[in-house]
1. Per 0.36 nm of contour for each residue apart, how much would the distance between residue 54 and residue 42 grow if the chain were fully extended, relative to their Cα-Cα spacing?
2. Which residues among region 82-120 fall inside the zone where the amide N is under 15 Å from a point 7 Å beyond the Cα of residue 240, along Cα→Cβ?
3. Order by neighbour count: 384, 58, 138, 279, fewest other Cβ atoms within 10 Å first, most last.
4. Given contacts defined as C-alpha pairs under 8 Å and at least six residues apart, what's the relative contact order of the chain, whole-number percent?
5. Given the -39500 (n - 2.57) contribution per DSSP H run of 4+ residues, what per-residue ellipticity at 222 nm results for the chain, rounded to the nearest 500 deg cm²/dmol?
6. Within 10 Å of each residue's Cβ, count the other Cβ atoms and sort 16, 406 from fewest upward.
7. With just the Cα atoms defining each centre, how far is region 43-72 from region 364-391? Give it in Å.
8. So if R0 is 45 Å, what FRET efficiency would residue 432 and residue 396 give, r being the distance between their Cβ atoms, rounded to the nearest 0.05?
C-alpha cells in the first residue's frame, strides 16, 4: 500500500465562546489514498536527554536539532513506521493540542518563485518535532513557522493548534512562507484541502502571525491580485474546478449544519473562512460533521439523488478515513483532566468517538498494540469492520446506526463524568481509567458488529423463498 498525504482530510476549529461548555477545540479527519492503512494511539512519556538530539525523517530526510527535554504527549502514528512517524494528532503535558495536517495546494505563481523544498518539513514530522516542545497554541505556531522558514517546507499544509484559551490555524503557503490566524473566541472554521485564510491584518499581532518579510515577498514578485488588500487565499491558493467539487462543498455542508441561515452555494469559491454558529457547538455536533456525507441533500452518496448528483461532490466521512479525532481542552476542570482526546478509528459516520484523558500514561493496551494485520479485537480493525458492515445496507440500517452513535456519545459523556470524580488523578490512574474506557467501548462495538451482521444477512440477494403454491 502506498500512502498518499494529499487530496485528503477535513478540519474543524472552534473558539471557547462558540462551544456549549466553553472548551476550545480542534478536530480533523485524517484521510488516506487507500481504505486500509492501520493506525494506533500511543502516549509518549516525558524524556530528558543529556544533550540535544537530531531528528531525521524517514520520509524525506528532513533534519533538525531537537531540545534535550521533550514533554509528555499523545500521538496517533501509522502502524507501519517505515515511511515516517505521521503522528498526526495529540495533546501535550501543557494541554496544547495539535493536529497536522490539512493538505492544501499553493498556486503556480507562488511556487514559481518559492518552490517547495524536497527535504523540508512535511506532514510525517510535524507533530513529532513541535508538540513535545511548546507550552501554548501560539508557541506551536511560532515553532512550526520558524522550522518552515529555516528548513523549508516539502508540502503546502494547514495545521491546527489549541490550548485552554486560544485556537490557531497555520497555513504553509510556499517553500518558506506561512500565515496563521487566531480563531475568534465566538467563531468556528471548516477547512477542506484549500488554503483558506482570507484577509491578514498585520496591525493585529495578537490575531495574525506570518513568516518574516512576507509582504515584501508578495510585492517583489507581483503575487497579489487584489492590490492593497492582503487576502492570503487569493495570493497563495487555488480556485479550480477540482476545488469546486472536491473541497468547497465540504465547507458548504459544515456551514449548512452549523449556520443554516447562510444559504450558500456548494461550489462557491469565496465561502468565508470564519462563521458564527447559530447554536453553541457540542462534541456530538462536531462528530456529526466529521461523519457527514451530505445527508438530506441530493448529493448524499448513500441517498436518493440521481447517479450524477450522488457522485458530484466528495463527502466528509469516507472509507479512507483512518483517524478521526476531536481534541478538546476543557476549562471547568483541573489541568490534569482538561485535555480530552476523542478518538475514532475509521469513518465516524459509523464509528464512535472514545474519550481519553491526555494526561494518562496510556490509551489502553489494544490501542498501542502492533496491528498491521487484521484482528477483530484491535480498535482500528474493529472500526473498519463496523464501517464496512454499516455501509453495506445503509438505508435499511441507518436508524440502528444512528441509535448506536447516540448511545455511545452518551456513554462517552458518562465516562468523563466518572473520570472527573477521581481523587488525586495521576498519569497511572488516568491511564488505567482510559484502558477501562477502551474495554467498555470495545464491548459496545462488538455488540453493534453482531447486530449489523444479523441485519445484513437478511438482506442477502442469495436469499430464496419458495412460492407457497408450489
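1. Taking residue 54 through residue 42 to full extension adds about 2.1 nm, to one decimal.
2. 103-112
3. Ranking 384, 58, 138, 279 by Cβ neighbours within 10 Å, fewest first, gives 279, 58, 138, 384.
4. Taking the mean separation of contacting Cα pairs over the length of the chain, I get 16 percent.
5. -9000 deg cm²/dmol
6. Least crowded to most crowded, the residues run 406, 16.
7. Here the two parts' Cα centres lie 30 Å apart.
8. Taking R0 as 45 Å, the efficiency between residue 432 and residue 396 is 0.65.
The numbers here are math on the coordinates, done by the rules we state, and not lab data. Please read all numbers here as calculations on a predicted model, not as lab measurements. Glycine gets a Cβ as well: all are built from the backbone with ideal geometry, and neighbour counts include every protein chain shown.
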